[in-house]
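Step one of this worksheet: look at the structure below.
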Amino acid sequence: MEYVQERVTTLHALRDRTPEAPTGRAAVVVPMTEREFGGLAAERVLDTLAAVDPARVVVPLRASPGCVGPAREWLRGFDLPIEILWCDGPRLERLLSDHGLDGQRGKGRDVWVGLGPALSEQYVVVHDADTRSYSPAYVARLLFPLAHGYAFSKGYYARVEDDRLYGRLFRLLFRPLVRALAEGHDDPVIDYLESFRYALAGEFAATSELVAELRVQRGWGLEIGTLGDAFEHGGFEGSAQVDLGRYEHDHRSVRGPTGLADMSDAVVDATLRVLRDRGITVDHDALVDRYRTAARTLVGSYATDASFNGLTFDREAELDQVETYAEAIGPPASDDRLPPWRESPITVADLREAAAADLREAVDE
């Protein structure tokens, strides 16, 4: 039955409807890169958000100086209360460096920059800018649990496009990794991670109180790190996941810069760091063996599911990816998470002032 419940409350899209939700009390954070601004997917996202009418939209922008002016003009063309934060500006960089917050740049760092200004609203929604199927129902669905007493809400959806199963990093790395961890360790946080139908989805919403507690991973470990903190501050009872229905966005190659292989290192680091935060010691050699066994079993299940639905499925390619991801399993790197905004050594006002000055200078030049 599609409406079966997981350990976290699971809200199913059994009908195509947009529920009543407090969009007017929410800030929507949409991290955007130079590659995304001006594209059809980002344009659809922002046009649709204008119909949703949130209290504010915060766009942390990662772009080279020459692209900042055109990006600002393009973003100003939407009927939205948009706040643009140039994440690569020199004053912002100096501010972070002066307070020991410099380090790796990535999606997580951009989101952290955007979360500070978003905290002025009661609720915060975060989602990607590359969604080709973006619907006005998404924000309302993510916010609905928060209006009903939950502190954290995560989106999920099926990644099926071009007659193929996607969501490869989740299917072939994260899911079998968590199963392998569950075989060797008994801790509720593992059950929590396993409860989410698409733990690597970039779409979530939370109360500003919970957002202020997030220790944000700087890179691609953002989603798993967020789940770890959501468990600590919301737990099973305070968490929900929401069916966002049909969802299409960009796919990545396995190899190459920003490919899935590079992302796998960050996902593994974030997952094992969640356990380390709980005082759990992991035998990494044994974990690799258990991961391979779990992943190969799942590949067989995916092959059957794909065949049942008449989808194209390359078993050998999937098994090759398993071996690639197995190489990422090891002790997590040094902890360079950004601090919770509740404990941040800089204020939101300081960040806004530096980002605004950088934006003005880049546009003038």
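Brief remarks follow.
- Residue match in region 205-218 (condition: in contact with a Phe, Trp or Tyr (Cβ under 8 Å, 6 or more places away or on another chain) and more than 21 Å from W112 (Cβ to Cβ)): no
- Counted residues, region 307-365 - those being under 21 Å from E223 (Cα atoms), of a type in the set (A, V, I, L, M) and in a loop (DSSP other than H, G, I, E, B): 4
- Residue in region 86-100 that is surrounded by 18 or more Cβ atoms within 10 Å (Cβ to Cβ) and within 20 Å of the chain's Cα centre (by Cα) present: yes
- Region 101-127, subset charged (D, E, K, R) and in contact with a helix residue (DSSP H, G or I) (Cβ under 8 Å, 6 or more places away or on another chain), residue most open to solvent (accessible area, probe 1.4 Å): D102
Residue by residue, here is whether (1) out of contact with any helix residue (DSSP H, G or I) (no Cβ under 7 Å at 6 or more places or on another chain); (2) buried (at least 17 other Cβ atoms within 10 Å of the Cβ) holds:
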position: T10; (1), (2): yes, yes
position: R17; (1), (2): yes, no
position: A26; (1), (2): no, yes
position: V29; (1), (2): no, yes
position: G39; (1), (2): yes, no
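- Residue identified as open to solvent by less than 40 Å² (accessible area, probe 1.4 Å) and among the hydrophobic types (A, V, I, L, M, F, W, C) among V160, V189: V189
- Residue check for R290: of a type outside the set (F, W, Y), in contact with a helix residue (DSSP H, G or I) (Cβ under 8 Å, 6 or more places away or on another chain) and outside any helix (DSSP H, G or I): no
The values are calculated or read from the model by the stated rules, or taken from the named source; none is laboratory data. All of these numbers come straight from a predicted model, not from anything done at the bench. All Cβ positions, glycine included, derive from the backbone under ideal geometry; neighbour counts span all protein chains shown. Ligands, DNA and RNA are stripped out before the accessible areas are found, and what is left, the full protein with its side chains, is counted by its heavy atoms. Shrake-Rupley method; radii C 1.70, N 1.55, O 1.52, S 1.80 Å.
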